[in-house]
Amino acid sequence: MKYIDEWNIADSGISDDDILINGNRFLIGNGNLGYRGTVEEADATHMPATICNGLYDRQGKKWREPVNIPNPIVIRLFTQQKDLLSIKSHNLLSHEQRLNFRYGIFSRSTSWNVNNSNIQVQSERFLSMDEPHHLYVKYRVITDAPVTLLCERGIDGLVYDINGPHLIQFESDQYDSMLQLRCKTQEQLIPITVISEAKYVGGDTVRQFEQHTVSKVPYIAELIKIELHPQIPFVIYCRSSIYSGEESSHSYEEDIKLNYAWNKEGDVLYDRALQRHRSVWDRLWKDGDVIIEGDPASQRSLRFSLYHLQSIAPRHRAGLSVPARGLSGQTYKGAVFWDTELFISPYFLSTDPSVVRNFILYRIRTLPGAIRKAHEYGYLGAFYAWESQETGEDACSDFNVVDVFTGRPVRTYFKDKQIHISADIVYAIKQYLSMTGDVSILTEGAFEVILNCALFYFSYIYYSPMKNRYEVLDVIGPDEYHERVNNNAFTNYMVHFTLNTALEYINYFSDTDKQFLSDKLQSTGFLPYIPLLYDLVSKIYLPEPNENGIIEQFDGYFRLEDLSITELKKRLLDPKEYWGGANGVASHTQIIKQADVVALLHLFKDQFSNLIKERNITYYASRTEHGSSLSASMHSLVYCDVGQPELAFPYFKKTAEIDLTGEAKQFAGLIYIGGTHPAANGGSWMSVVYGFCGFAVKDGTIFIKPQLPKHWKKVVFTSYVQGKKYTITVNKDGYTIC
Ligand code: BGC
């Protein structure tokens, strides 16, 4: 990896591992689509992927996952002997690919030796931030000696899938330079249309249409024979258009009209599209950037993280969210987890609250799925999907891991028992309301979400007459290694928070709109439980710190074997074995997967003293594996909170660099699990703004508690509070807000 400057990275790697990691690292996206950072000649073995936000499919009984649609930008050069010029060719002279993350522009420069002539390809591409369906590519070939090359520009229906194939009923068309490949998804027959158009400039060309089918999957291409003259570039200006579902319903005649314009002036249209795309990015960075002075490496990794967040923010369509691996592929089933609410939302809440509004609309839209899930388990209200796709059905499987010793699937209870998910959503709604004051979201469905989540907990928790308190039994907290525990402190506080929030907004509507309140209490079935609400709020068990100041993660946690992570690792019989569940090496010990009590200390930071926070982070940090990319940011936040920014800094680095270094796990057994890590990206922003700058908003007032790392001179960031924009500058000596 080469760091060129604070907005550009480059890499020359061509090994299989490099190709995989660079697919994520060099990803481009516009919230509607994500396109992996592979080269134009890539075939399915390079794992190129074009992912449409919100489009899923199921093949047979396999896991539902995002659809990797036909690759819209295949450009392949061949010698006259039909040898492909690729980054894997023996005659490769050099290769470098770059990402400009100021403007979301991927570029590459590659050269080959063909019969002693040096052939160089330079290309750039962007997924337009201005036009959610368009991907633009400029592909330039130049030589230092006369040479004849063959060039294919096409759309490839043969893509890689984790649980596919997903595409059927292929049809193709060609009209002048316009290639169209249409197909449908297997499960719901959702139509997908991919169009590729080109304008060719320079070189002497002869063109012909090609189509071949590889095991029922078509690859359509235009084949061009190019006579290249020394130093006279041949350039392809290519526009791909990608539509799915209802968006596919434009007419072929309309497409032809658009193609006519592209044929005539594709080069000019390309430049204009690039200009518009750049201006949208300029606008996004105006509010979305954070300046760190004194540490170029931190500046770069933070910006890179923010770039990834901006690239996946769904701004084009109401009611979409962000999958846990962004738009980088099919891993994690393309599902939306609590990552969105607790790790990704904060950044947008400050810089573009409309994105968070959209996340909430997604949860409102998927409320029926959450109600169905609660009902299936015998509960009332809304139990949100642990892994949520487009309808809110839970995509999480009963068996999420495979026992490496027996090869048998292991029953995991993530979906059944991570009940904190509903409360996480309520937490995010509350944050949105406090930061924006936009109560209209409540009447658009958020109030029903809150009531239903509270109702779910009503039906989940138990009253213990002996202890005269309500308890939350048989759950999994954020630490997934310890399954089915009682009174997980994080969960109990979150349930309490949800009940309190329900009460708060019932009171709010009782003062402002009694009719609305009465309608909603009736329609959600909440009415009979109102008298109980006060009892629950006051009597729910909230685990307190023990005599040493430590909050027990769950009942009996302190009785588990206490050993170091190094000792635990010595017990592993296979590096890939799963640490949690019934038989995992960590299950009967105090070693945990990720921030749990530590996450609680951050979310409810005003409820615990510094001493308690300090004791707990010291205790839990050494017992945490950080096996989830969500863990580091929480540690960095709490270390900052207790005034130890130097201890926070390595955690900040870990969360901010995760997608830059690409060091995160790529495979679990034979299953590809790589991808980008939006929750960690969001965590890096929280670490800087909430952590090092100590930014907080209470009742509309901004508070700053600066504690920058020693080598940082200054941080500047933007936050909207109640609709008003503030620029906040924090330095060693203090801060300004204007
Ligand atoms: C973590 C979850 C997280 C999910 C998606 C899991 O490994 O334990 O907390 O939501 O990954 O990022």
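The table below gives the values:
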item	result
Residues with amide H under 5 Å from that of Y720, placed H, sequence gap 5 or more	T351, Y726
Cβ crowding within 10 Å averaged over residues, with 377-390, 601-614 ranked highest first	377-390, 601-614
Theoretical FRET efficiency, 1/(1+(r/R0)^6), r = Cβ-Cβ of E504 and S279, R0 56 Å, to 0.05	0.85
Extension gain (nm, one decimal) between D474 and H375, 0.36 nm per residue minus Cα-Cα	33.9 nm
Rg over Rh [alpha-carbon atoms, Kirkwood Rh] for the chain	0.99
The chain: relative contact order as a whole-number percent, Cα under 8 Å and 6+ apart	12 percent
Residues of segment 84-100 with amide N under 11 Å of the 7 Å Cα→Cβ point at N113	91-94
J(HN,Hα) series, segment 353-359, from Karplus relation 6.51 cos²θ - 1.76 cosθ + 1.60, nearest Hz, glycine and proline x	x, 5, 5, 5, 4, 5, 4
Per-peptide average of other Cβ atoms within 10 Å, ordering 511-517, 411-417 highest first	411-417, 511-517
Percent antiparallel among DSSP beta bridges (both partners in the chain, rounded to 5)	100 percent
Whole-Hz couplings from phi, Karplus 6.51/-1.76/1.60, listed for segment 687-703; x for Gly and Pro	4, 6, 7, 6, x, 5, 8, x, 6, 8, 10, 10, 6, x, 9, 8, 10
Nearest 10 degrees, 0 to 90: helix 16-25 Cα axis against the chain principal axis	70 degrees
Mean-position separation - Cα centroids, segment 244-272 and segment 371-424, in angstrom	43 Å
Positive minus negative residues near E124 (Lys, Arg vs Asp, Glu; Cβ under 14 Å)	+4
Difference of contour (0.36 nm per residue) and Cα-Cα distance, E663 to V716	16.2 nm
Of S350, L306, T331, farthest towards positive along the dipole that unit charges on Lys, Arg, Asp, Glu beta carbons give segment 255-380	T331
Stretchable slack from I232 to K286, in nm (0.36 nm times residue separation minus alpha-carbon distance)	15.5 nm
Rounded, prolate or oblate (a/c below 1.5 giving rounded, otherwise prolate when a/b exceeds b/c) for segment 356-468 by Cα gyration tensor	oblate
Euclidean distance of C-alpha centroids, segment 578-657 and segment 142-165, integer Å	46 Å
Fraction of beta bridges assigned by DSSP in segment 2-253 that are antiparallel (%, nearest 5)	100 percent
Amide H within-cut-off set for K714, under 5 Å, with H built and near neighbours excluded	E293
Listed residue (I360, M435, L517) projecting farthest to the positive dipole end of the chain, Cβ model	M435
For segment 631-717: relative contact order, % (alpha-carbon pairs under 8 angstrom, 6 or more apart)	30 percent
Relative contact order (percent, whole number), segment 2-253, Cα cutoff 8 Å, 6+ residue spacing	19 percent
Charge-dipole axis of the chain as Lys and Arg at +1 and Asp and Glu at -1 on Cβ define it, positive-most pick from H212, S117, L533	L533
Helix 252-288 vs. the chain, principal-axis angle (Cα, 0 to 90°, nearest 10)	40 degrees
Mean ellipticity per residue at 222 nm, deg cm²/dmol - from DSSP H runs of n ≥ 4 across the chain, formula -39500 (n - 2.57)	-10000 deg cm²/dmol
Label-reachable residues, segment 497-532, where backbone N falls under 19 Å from a point 7 Å from D699's Cα toward its Cβ	501, 504-505, 507-508
Unsatisfied cross-links (Cα-Cα over 26 Å) in the set K654/K710; K430/K725; K2/K333; K373/K514	K2/K333; K373/K514
Surrounding net charge for C151, when Lys and Arg each add one and Asp and Glu each subtract one, Cβ distance under 9 Å	+1
Proximal charge balance of E65 [Cβ under 9 Å; K/R count +1, D/E count -1]	+2
Listed peptides 681-690, 326-335 by packing density, highest first (mean Cβ within 10 Å)	681-690, 326-335
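Every number in this text was worked out from the coordinates using simple rules, so none of it is lab data. Nothing here was measured: the structure is a model prediction, and the numbers come from that model. Please note: Cβ atoms are built from the backbone with ideal geometry, for glycine as well, and neighbour counts cover all protein chains shown.
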